[in-house]
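Presented below is the structure to which this report refers.
What follows is calculated from the coordinates using simple rules that are stated; it is not laboratory data. Quick caveat: nothing in here was measured; it's all calculated off a predicted structure. So basically every Cβ, Gly included, is an ideal-geometry build from the backbone, and we count neighbours across all protein chains shown.
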Amino acid sequence: MARARGRHDPTADSLHLGHLIGLLLLRRFQLAGHRPIAVAGGATGMIGDPSGKSAERNLLSGDVLASNIAGIQGQLRRLLDFDSTTNPALLLNNADWVQPIGVLDFLRDIGKHFSVNAMMAKDSVKMRMETGISFTEFSYSLLQAYDFLHLNEKHGCILQAGGADQWGNITAGIDLIRRKHEKVTCGITTPLLTKTDGTKFGKTEGGAIWLSPEKTSVYRFYQFLVQVEDAQVVQLLKYFTFLPLEDIDALATQHAATPERRDAHRKLALELTTLVHGEQATQDAIRASEILFGGSLEGITEKQFGEVIAEVPNSDQPRANLGQPAAALLDLLVAAKLSPSKSQARKDVEAGGVYVNNMRTADAKLILGPEHLLFGTYVLLRKGKRNYALLRFQ
């Protein structure tokens, strides 16, 4: 049984969507009978990896790193099986073996195996030479190589996995093990996901899509996946789900024929959100997503409702108007710009095309009162299938 290792530097208290390819690769190895080793970089996280960076990373304190590691550990346990009776995953912190070693011992036993010329030839270093790189970050690959050596010696790890930008660091470890023990070890890298415009996948205008529901709600996580680019959805199904390839091929065929149905997108969102957040949270996110498709509001929490209707045009209304002629539905439809005039608003209502809180109404004389308020504040109006407006009574 081979050991496969992946590393995650705790620069935040949560992993994000970009980390998932590497994590799910470890899961695939585990499903194939191997033992995955997830390494939290309590030591390397204090240094900063220059790979893919154009500037020096801000160094984090020990307390912040410890807090970040605690948050990441819980997420890793959702994605890997640590209780298997045959090949349980290991979760280790490289601070446990890096911090005890003295600098002189490290330079003598590890540093002597590295050529400065070879280190400077690595892409992660070359791209930083013009702008400047500190000795701290320059030494990063030695620490990662030492991680691989330690895991090989103590746990029999023979394969290290990482993103494509980690190739230089991975080969440094392979070379170190060969020099120290004349053993053959391996490395494997995964693509760095980008959108079709070249920007990082898993990023939005609001920042990263985090795995923590406190940083990115389950609804937002689900919606991001539902809205991924058409050109990427089949590839992402292969990267992020464990569906049989024949099922993905069927979804690809269906997507090519009727892309407007977004069946492949919804399947991607369902599978990955369930994997990260669990079935119940995913079903709640789906229900929240259905609000803007005319779904029932029964059981929706105020937090979920607030996330959904953030995308809807809204206006404030005096609370004193409730139950008064000033809260007549026809007038509010005009004020909300769902109907151009009261006469048209009347026709819209009588034709059955107007909904109050996603419930159809044919009462052209309706005056909104406190009984219509959602969470004591809101009324959601809809005309037709997708024309929404939110009234906030204050």
Relative contact order of the stretch 241-394: what whole-number percent is it, with Cα pairs under 8 angstrom and at least 6 residues apart?
-> 22
The chain: relative contact order in percent, alpha carbon pairs under 8 Å with at least 6 residues between | 13
Note the angle between two axes, namely the Cα long axis of helix 20-31 and the longest principal axis of the Cα atoms of the chain, as a number of degrees from 0 to 90, rounded to the nearest 10.
-> 70
Among DSSP beta bridges whose residues both lie in the chain, state the antiparallel percentage, nearest 5.
-> 45
Of the labelled options (1) 53, 22, 18; (2) 39, 24, 20; (3) 39, 28, 19, which one gives semi-axes √(5λ) of the Cα gyration tensor in Å as computed for this structure?
-> (1)
Search the structure for amide H atoms under 5 Å from the amide H of His16, placed 1.01 Å from N in the peptide plane, and list their residues when 5 or more places away or on another chain.
-> Leu211
List, in order, the whole-Hz ³J(HN,Hα) value for each residue of the stretch 246-253 obtained from phi through the Karplus relation with A = 6.51, B = -1.76, C = 1.60 and θ = phi - 60°; use x for Gly and Pro.
-> 5, 5, 5, 4, 5, 5, 4, 5
Among 312-325, 135-148, what's the highest-first ranking by average C-beta atoms within 10 angstrom per residue?
-> 135-148, 312-325
Candidates Thr194, Thr131, Thr216, ranked by Gaussian network fluctuation over the chain, Cα under 10 Å, top entry = Thr131
List, in order, the whole-Hz ³J(HN,Hα) value for each residue of the stretch 66-77 obtained from phi through the Karplus relation with A = 6.51, B = -1.76, C = 1.60 and θ = phi - 60°; use x for Gly and Pro.
-> 4, 5, 5, 4, 4, x, 5, 4, x, 6, 4, 5
Listed residues Ala118, Ala89, Ala264; largest mean-square fluctuation, Gaussian network over the chain with Cα springs below 10 Å, found at Ala118
Taking H placed 1.01 Å from N in the peptide plane, check which residues at least 5 places from Leu366 or on another chain put their amide H under 5 Å from its amide H.
-> Leu329
Kindly write out, for the stretch 138-155 in residue order, the coupling ³J(HN,Hα) from the Karplus curve 6.51 cos²θ - 1.76 cosθ + 1.60 (θ = phi - 60°), rounded to whole Hz, with x marking Gly and Pro.
-> 4, 7, 4, 5, 5, 5, 5, 5, 5, 4, 4, 4, 4, 5, 5, 6, 8, 10
Using amide H atoms built 1.01 Å from N in the peptide plane, name the residues 5+ places from Ile37, or on other chains, whose amide H lies under 5 Å from its own.
-> Ala4, Arg5, Gly6, Leu90
Hey, got the dipole for the chain? About the Cα centre, +1 on K and R Cβ, -1 on D and E Cβ, debye to the nearest 20?
-> 360
Under 16 Å Cα-Cα from Lys238, which aspartates and glutamates qualify once same-chain neighbours fewer than 8 residues away are excluded?
-> Glu229, Asp230, Glu246, Asp247, Asp249, Asp263, Glu271
Looking at the stretch 108-222, how many pairs of lysines come closer than 29 Å at the Cα, when each pair is eight or more places apart or spans two chains?
-> 22
Please give the FRET efficiency for Asp109 paired with Asp263, using the beta carbon to beta carbon distance and R0 = 45 Å, rounded to the nearest 0.05.
-> 0.20
So, by mean Cβ neighbours within 10 angstrom, what's the order for 39-45, 327-333 with the highest one leading?
-> 39-45, 327-333
